[in-house]
Amino acid sequence: MKLVSAIIKPFKLDDVREALSEIGVQGITVTEVKGFGRQKGHTELYRGAEYVVDFLPKVKIDVAVSDDLLDQVIDAISKAAQTGKIGDGKIFVFSLEQAIRIRTGESGADAL
Amino acid sequence: MEAITEVKYALDTFYFLVTGALVMWMAAGFAMLEAGLVRAKNTTEILTKNIALYAIACIMYMLIGYGIMYPGDAAVNSWWPGLHGILGSDDNTAQAVLASGGDIYYSNLSDFFFQVVFCATAMSVVSGAVAERMKLWAFLAFAVVLTGFIYPMQGYWKWGGGFLDQLGFLDFAGSGVVHLTGGAAALAGVLLLGARKGKYGPKGEINPIPGANMPMATLGTFILWLGWFGFNGGSELIVSNVAEANAVAMVFVNTNAAAAGGVVAAMITARLMFGKTDLTMALNGALAGLVAITAEPLTPTPLLATIVGAIGGILVVFSIVSMDKFKIDDPVGAISVHGVVGMWGLIAVTLSNPDATLTAQLTGLVTILLWVFIASLIVWLILKAVMGIRVTEEEEYEGLDLTDCGLEAYPEFTGSKGSGI
């Protein structure tokens, strides 16, 4: 099992969710996050004084998937979240040791 | 004829009360404007301050303020009105009204009501400027003195028939008496208080501290704009004949025109200076236009009123930027809007009112500025020595909502018990 953690542009969330649904992903967890990468921050203006916003708002999607679905998930997120402009985000993949469905007590790939 | 006199009395009293109620609503405008321009962590405290200062103003003005400001024939001299005690419940009898031949045309208590909301407005100006770092109870203690004594004293000098009035100083609805007073008291407080932590960097950099809620600030500005029709319109004091009704309409039109001029001028100025259209400057521009026309909303043509307001709108942008250069930290721009533009309003009277002289206007301006600034400075100094006026650095970081009021304006993560999650 793998945990796919993707940082994407917030307005791409719906596209990514739809793409994941299409390949059979059953659930995702979404977190509003802030950060910076190569895009850096941007400059804003308030009452005549400029200031740099170092951390831009992004959305983080966590998807737990079985190993055989991993490539499709990465592909789906990559395609759906891509605009080609700087700041599109990144996908991280972790090994997932265990998963348990609280309601039934199922574990492993059955719980995904 | 008697019936007509009585109806006129009733109408003018009614007009006084309704316009007074409009001015009272400006307290809501200030509360929303200030709540929008501070950070979320100081919202409950600024709202508490706003409703508390309004209540304190009402009580203090009833107890001593009104007597000081309007002593009538009981005044000691043109400088010192004397103390005349608590507002009573006496009012005009029908016989006295009829016998006066129209000279008595409104209820005494309607006059008190109209005046007390002006007093509260002057105090409302102060709260925004000292926001986010002043101790709540030190501020309220200051409110007691300003509304009970400092404001009524200079009010007597002009509207109560004191020496400024005798000198020919003109201030229709209070660019000086109300707004400059609020601005000068705020300036004294801000100078003693210092800037918010992090506002100015060690190398002289100016760090903006964006307000939390622009819709609220915009709503507050619109409420103030509405209330101002009472502020200036009511200050005509009478509406019950053709000439006066026309005058009231003129005042409404000019008040509106000046605010519109202020918005457009401030927006364009900010766009040219910063390259972006700054909403907060547009809001301050509206208020600047209103403050500018307040000293004389009757004699200008609507076009001139628009120009007077527009100059206020340009002034306010430059003033706000300059205040920051001098490290005078005013989160809502109250000193610029009410103090600086209030002065412009007093001078602008000379543009359209043939009875105005520059000498009298400047004398009034300087007198109000010095009196209020020095008296306020002394009171702030005493408060600083006795109870302290600034919260600790840690409290400022935490936010005054939690440290002063124990209540957040926007509680977000309070756990499941009782939170409704």
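The values are calculated or read from the model by the stated rules, or taken from the named source; none is laboratory data. If you're wondering where the values come from, they're calculated on a predicted model, not measured in any experiment. Glycine also receives a Cβ, built like all others from the backbone with ideal geometry; neighbour counts cover every protein chain displayed.
Would you mention how many residues in region B:1-58 are surrounded by fewer than 19 Cβ atoms within 10 Å (Cβ to Cβ), charged (D, E, K, R) and touching a helix residue (DSSP H, G or I) at 6+ places or on another chain (Cβ under 6 Å)?
Residues flagged as surrounded by fewer than 19 Cβ atoms within 10 Å (Cβ to Cβ), charged (D, E, K, R) and touching a helix residue (DSSP H, G or I) at 6+ places or on another chain (Cβ under 6 Å) within region B:1-58 amount to 1.
For B:ASN241, state whether it is among the polar types (S, T, N, Q), within 22 Å of the chain's Cα centre (by Cα) and more than 14 Å from chain A (Cβ to nearest Cβ).
no
I need the full set of residues from region A:59-87 which are over 21 Å from A:SER21 (Cβ atoms) and of a type in the set (Lys, Arg), in order please.
Scanning region A:59-87 gives a single hit, A:LYS85.
Take the conditions out of contact with any Asp or Glu (no Cβ under 7 Å at 6 or more places or on another chain), buried (at least 24 other Cβ atoms within 10 Å of the Cβ) and of a type in the set (Val, Ile, Thr) and apply them to B:VAL321. Does it pass?
Considered against the rule, which asks whether it is out of contact with any Asp or Glu (no Cβ under 7 Å at 6 or more places or on another chain), buried (at least 24 other Cβ atoms within 10 Å of the Cβ) and of a type in the set (Val, Ile, Thr), B:VAL321 comes out as no.
In region B:226-284, which residues are of a type outside the set (A, V, I, L, M, F, W, C) and in contact with a Pro (Cβ under 6 Å, 6 or more places away or on another chain)?
Across region B:226-284, the qualifying residues are B:ASN232, B:ASN254, B:THR255.
Please work out if B:LEU290 is surrounded by fewer than 23 Cβ atoms within 10 Å (Cβ to Cβ) and either more than 14 Å from every other protein chain (Cβ to nearest Cβ) or touching a Pro at 6+ places or on another chain (Cβ under 6 Å) (or both).
The answer is no for B:LEU290.
Looking only at region B:188-203, how many residues end up being surrounded by fewer than 10 Cβ atoms within 10 Å (Cβ to Cβ) and in contact with a helix residue (DSSP H, G or I) (Cβ under 9 Å, 6 or more places away or on another chain)?
0
Restricting the search to region A:42-77, which residues are more than 14 Å from chain B (Cβ to nearest Cβ) and among the small types (Gly, Ala, Ser)?
A:ALA64, A:SER66, A:ALA76 - these are the residues of region A:42-77 that are more than 14 Å from chain B (Cβ to nearest Cβ) and among the small types (Gly, Ala, Ser).
Going by the structure shown, is B:ALA184 crowded, with 24+ Cβ neighbours inside 10 Å and within 28 Å of B:ARG133 (Cβ to Cβ)?
So B:ALA184 fits the description; yes.
Among the residues of region B:83-123, how many are in a loop (DSSP other than H, G, I, E, B) and either among the hydroxyl-bearing types (Ser, Thr, Tyr) or closer than 13 Å to B:GLY65 by Cβ (or both)?
Number satisfying all stated conditions: 11.
So which of B:ASP165, B:ASP171 is touching a helix residue (DSSP H, G or I) at 6+ places or on another chain (Cβ under 8 Å) and assigned to a loop (DSSP other than H, G, I, E, B)?
Being touching a helix residue (DSSP H, G or I) at 6+ places or on another chain (Cβ under 8 Å) and assigned to a loop (DSSP other than H, G, I, E, B) holds for just one of B:ASP165, B:ASP171, which is B:ASP171.
For region B:192-207, how many residues are touching a residue at least 24 places away in the same chain (Cβ under 8 Å), within 11 Å of chain A (Cβ to nearest Cβ) and either assigned to a loop (DSSP other than H, G, I, E, B) or closer than 13 Å to B:VAL130 by Cα (or both)?
1
Hey, any hits in region B:213-235 for a residue that's in a loop (DSSP other than H, G, I, E, B) and at pLDDT 95 or above?
Yes.
Let's see how each residue does on (1) modelled with pLDDT of 95 or more; (2) closer than 15 Å to B:LEU193 by Cα; (3) out of contact with any Ser or Thr (no Cβ under 7 Å at 6 or more places or on another chain):
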residue	(1), (2), (3)
B:GLY101	no, no, yes
B:LEU109	yes, no, yes
B:PHE112	yes, no, yes
B:CYS119	yes, no, no
B:MET123	yes, no, no
B:MET134	yes, yes, yes
B:ALA138	yes, yes, yes
B:TYR151	yes, no, no
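Being buried (at least 24 other Cβ atoms within 10 Å of the Cβ) and touching a Lys or Arg at 6+ places or on another chain (Cβ under 9 Å) narrows it down to one residue among B:PHE118, B:PHE169; which is it?
The match here is B:PHE169.
Can you name the residue in region B:301-339 that is among the charged types (D, E, K, R) and away from every other protein chain (no Cβ under 11 Å) and is also nearest to B:ALA259 (Cα to Cα) among such residues?
Across region B:301-339, the extreme among qualifying residues is B:ASP329.
Please give the strands (runs of 3 or more DSSP E) falling wholly within region A:7-112 in which 3 or more residues are surrounded by fewer than 16 Cβ atoms within 10 Å (Cβ to Cβ) and under 13 Å from the mean Cα position of the chain (by Cα).
Hits in region A:7-112: A:29-35, A:89-95.
Could you tell me whether A:LYS85 is in contact with a strand residue (DSSP E or B) (Cβ under 7 Å, 6 or more places away or on another chain) and basic (Lys, Arg)?
So A:LYS85 does not fit the description; no.
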